[in-house]
Amino acid sequence: MGKNVIRRKSPETRSAAEADRDGGVQSVDRALSILETLAEDDEGYRLSDLAVRTGLSASTVHRLLATLESRRFVQFDRAESKWHVGVRSFTVGASFARRRNFTAQAIPYLRKLRDLTRETANLAVVDDEFIIVLTRMESREIMRSLTKVGGRVAMVTSGVGKAVLATYSDEDVGAVIRHHGMPRLTEKSIVRPSDLFRELAAVRKQGFAIDDEEAQMGLRCVAAVVYNALAEPLAAISVSGMTSRITDERLPEVGRMVREVAAELTAALGGVAPEPKAS
């Protein structure tokens, strides 16, 4: 009986296979970078601008765009010579919201919050320590929105983020700070951990968080957490509006409204708020 022979790939063959694998991973990474860049601006990008923004050569960007276009993840506007996110990107991304099946149930509560406050009402979740806006009910007032639906923002720079962070332990909040830092977006941004911990203590006491022009001057956001059946943060809702409308005098009233509607949505979803901790 002949001996079993173990055939081993030569170093040259293994290197070629590894190169193919690494090249494929690199292409995927570059294609996703292009999609993320296109998603940043609804006006679209010219090929040369995409190359600059992604740090890739124009020929590489064009090759990847052609592949993405064939799968309808991007589309080309020939009239303006600009590339945009395609319909397939939307359908894939929409599955994220569908998986969180509470989005449709939240709509009446967002509408109620908008009508009560006359400001834009938002529903957001945490994903990889970032806040993602799932949907919103637009105010009928003039509005400057910092984050569009599907947009991501660091937790420490948003009212929604601070509302969720207030449910974390100090150790977990520290981990978020270490991973993402505390960027100074405006002169009012919180950039010291001690100041953030002090702010989160106030959030726990009053039941809502405030972004007081910390992400964008002239814009305030008031947010509260929506809990799941395990008394864990499922999502958060907020209202955002101009400081000329959400004034210092009006903040407590708006905060109460947001907190109460968040509690109503929590109950409607079968969630429970955590028991207050003894002081």
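The values are calculated or read from the model by the stated rules, or taken from the named source; none is laboratory data. Values in this document were obtained by computation on a predicted structure and should not be read as measured data. All Cβ positions, even for glycine, are placed from backbone atoms using ideal geometry, and neighbour counts span all protein chains on display.
Brief remarks follow.
- Residues that are within 21 Å of the chain's Cα centre (by Cα), modelled with pLDDT of 95 or more and of a type in the set (A, V, I, L, M) do occur in region 212-222, at least one of them.
- Against the test of being surrounded by fewer than 24 Cβ atoms within 10 Å (Cβ to Cβ), free of Cβ contacts under 8 Å to residues at least 40 places away in the same chain and touching a Leu at 6+ places or on another chain (Cβ under 8 Å), the options GLU260, GLU213, GLU249, GLU253 yield a single qualifying residue, GLU213.
Matching residues to (1) at pLDDT below 95; (2) within 23 Å of LEU219 (Cβ to Cβ); (3) acidic (Asp, Glu):
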residue: GLU232; (1), (2), (3): yes, no, yes
residue: ALA235; (1), (2), (3): yes, yes, no
residue: ILE246; (1), (2), (3): yes, yes, no
residue: ARG256; (1), (2), (3): no, yes, no
residue: ARG259; (1), (2), (3): no, yes, no
residue: GLU264; (1), (2), (3): no, no, yes
residue: GLY270; (1), (2), (3): yes, no, no
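- Residues considered: ARG99, ARG114, ARG140. Of these, the only one that is at pLDDT 90 or above and of a type in the set (Lys, Arg) is ARG114.
- Count of region 191-242 residues which are more than 21 Å from GLY151 (Cβ to Cβ), in contact with a strand residue (DSSP E or B) (Cβ under 6 Å, 6 or more places away or on another chain) and β-branched (Val, Ile, Thr): 1
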